[in-house]
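K.L.:
Would you mind keeping the following structure in view while I ask a few things?
The values are calculated or read from the model by the stated rules, or taken from the named source; none is laboratory data. Treat the numbers as computed from the prediction; the structure is a model and nothing was measured. Cβ coordinates were reconstructed from backbone atoms using ideal geometry, including for glycine residues, and neighbour counts include every protein chain displayed. Side chains are part of the model used for accessible areas, which takes the heavy atoms of the whole protein and leaves out ligands, DNA and RNA. Shrake-Rupley method; radii C 1.70, N 1.55, O 1.52, S 1.80 Å.
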Amino acid sequence: MAIVTNQIKEEVRQIVLEFFAEECEVEMSDINDSTHIFDDLDGDSLMFLELIEIFKKKYNLNIELKTIGKFNVKNPVRTIGELIHMQLLIIEHENNIISFSKI
Amino acid sequence: MILGVGIDIENHSRFLKYISPNCNPEFLLSVFTKDELDNYRKFKNHLCYAVSFSCKESFLKAFGVGWNNSKIQWTNIELLFNEPPENKNTNIRISGIAQKLLGEYNTNTSFLYNYSIDNSVVVFESILTCKKK
């Protein structure tokens, strides 16, 4: 678990944008918080899983996919902004993110 | 009676990295079971991973859910190869929440599946069915 500083927020945003720009072959400048991962970028679950893995390694996170799955039942991630928000919650709370799930 | 149909397409070159010795085993274990990984390593063929991932996606679609909005885990749907993936001699094991869900539909629920591999993609189709009472 880590305290999410402005530097971490910026790092996470940068990683997410770079990742999708490369994987989906789009300009980084064309991606923003409201960009829809599946409709606008043609992203898929494999990209989602690989991105989670990048963050797990970078921040040495203890987070299980099933926890993310449960979290997403109540908090679906459709846009880049929602993905960044979820990732910051994971960095801050790891497997406890489920407590931050909408009821 | 058909309960659900799932179709998935994967570009199989994306799975080449999974046969690399540098591939993170933890990542693989979050998507594939140990039995699956032991099975795929025998064939040293990235198509095993591509077909298996496509199978999991396809079944999730047939169930009418996504991996990130249901309690079904990737590892609840296992695909094991008896021969190299091109030969299509496989077995599927459904377990955990996926198995429970299958039972909730109807006790006579069963499934059919098929897949094809061409130069660039794997297409996996699955159908959940049940006998009419």
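K.L.:
Given +1 on the Cβ of Lys and Arg, -1 on the Cβ of Asp and Glu, and no further charges, what dipole in debye does the range B:38-133 carry about its Cα centre, rounded to the nearest 20? Write out the running numbers ahead of the final one.
P.N.:
On the way: 12 positive and 8 negative charges, 74 e Å.
Roughly 360 debye for the range B:38-133.
K.L.:
Heavy atoms of the protein only, probe of 1.4 Å, neighbouring chains included. What is the accessible area of residue A:83 in Å², nearest 10?
P.N.:
The accessible area of residue A:83 comes to roughly 10 Å².
K.L.:
Right, here's the next one. Only Cα pairs under 8 Å and at least 6 apart count here; give the relative contact order of the range B:2-130 as a rounded whole percent. Walk me through the numbers before you get to the answer.
P.N.:
Numbers: 220 pairs, mean separation 46.7, N = 129.
Taking the mean separation of contacting Cα pairs over the length of the range B:2-130, I get 36 percent.
K.L.:
Where does chain A land at 222 nm, in deg cm²/dmol rounded to the nearest 500, when only DSSP H runs of n ≥ 4 count, each adding -39500 (n - 2.57), divided by all residues?
P.N.:
Details: 4 runs with 56 residues, N = 103.
Computed mean residue ellipticity for chain A: -17500 deg cm²/dmol.
K.L.:
Something else now. So what is the 222 nm mean residue ellipticity for chain B from helices alone, if each DSSP H run of at least 4 adds -39500 (n - 2.57) and you divide by all residues, rounding to the nearest 500 deg cm²/dmol? Please report the intermediate quantities before stating the final value.
P.N.:
Working: 4 runs with 45 residues, N = 133.
So the calculated ellipticity at 222 nm is -10500 deg cm²/dmol.
K.L.:
Run the 1.4 Å probe and let me know the accessible area of residue A:58, rounded to the nearest 10 Å².
P.N.:
Taking all protein chains as shown, residue A:58 has close to 110 Å².
K.L.:
Here's another thing I want to ask about it. Nearest 10 degrees, 0 to 90: what angle lies between the long axis of helix B:96-105 and the longest principal axis of chain B (Cα atoms)?
P.N.:
With rounding to tens, the tilt is 30 degrees.
K.L.:
Using a basic spin-label model with each label point 7 Å from the Cα along Cα→Cβ, how many nm lie between residue A:5 and residue B:120?
P.N.:
4.5
K.L.:
Can you work out ³J(HN,Hα) from phi for every residue in the range B:116-123, in order, using Karplus 6.51 cos²θ - 1.76 cosθ + 1.60 and θ = phi - 60°, giving whole Hz and x for Gly and Pro?
P.N.:
Here the 3J(HN,Hα) series is 9, 10, 10, 4, 10, 10, 10, 10 Hz.
K.L.:
List the aspartates and glutamates whose alpha-carbon lies under 13 Å from that of residue B:61, not counting same-chain residues fewer than 8 positions away?
P.N.:
In chain and number order, the partners are B:8, B:125.
K.L.:
State, as an integer percentage, the relative contact order of chain A based on alpha-carbon contacts under 8 Å between residues 6 or more apart. Could the numbers behind the result be given before it?
P.N.:
On the way: 94 pairs, mean separation 38.7, N = 103.
This gives 38 percent for chain A.
K.L.:
Would you count, across chain A, every pair of lysines whose alpha carbons are under 21 angstrom apart, provided the pair is eight or more residues apart or spans two chains?
P.N.:
11
K.L.:
Figure the gain on full extension for residue B:83 and residue B:131 (residue separation times 0.36 nm, minus the Cα-Cα span) and round it to one decimal in nm. If you can, show how the numbers build up before the last one.
P.N.:
Working: separation 48, 0.36 × 48 = 17.28 nm, distance 3.07 nm.
Answer, rounded to one decimal: 14.2 nm.
K.L.:
Calculate, for residue B:23 and residue A:64, the FRET efficiency according to 1/(1 + (r/R0)^6) with r their C-beta to C-beta distance and R0 25 Å; round to the nearest 0.05.
P.N.:
Numbers: r = 19 Å, r/R0 = 0.76.
The formula returns an efficiency of 0.85 here.
K.L.:
Heavy atoms only, 1.4 Å probe, whole protein assembly: order B:109, A:5 by accessible area, highest first. If you can, show how the numbers build up before the last one.
P.N.:
On the way: B:109 25, A:5 60 Å².
Output order, biggest surface exposure first: A:5, B:109.
K.L.:
For chain A, which semi-axes, largest first and in whole Å, follow from the square roots of 5 times the eigenvalues of its Cα gyration tensor? Before the final figure, lay out the partial values.
P.N.:
Details: eigenvalues 88, 48, 30 Å².
Working from the Cα gyration tensor, I get semi-axes of 21, 16, 12 Å.
K.L.:
Any chance you could give the angle, 0 to 90 degrees and rounded to 10, that helix B:34-43 forms with the longest Cα principal axis of chain B?
P.N.:
Compared with the principal axis, the helix lies near 50 degrees.
K.L.:
OK, next. Tell me, what is the FRET efficiency for residue B:44 and residue A:25 to the nearest 0.05, using R0 = 30 angstrom and their Cβ-Cβ distance as r?
P.N.:
My answer for the efficiency is 0.55.
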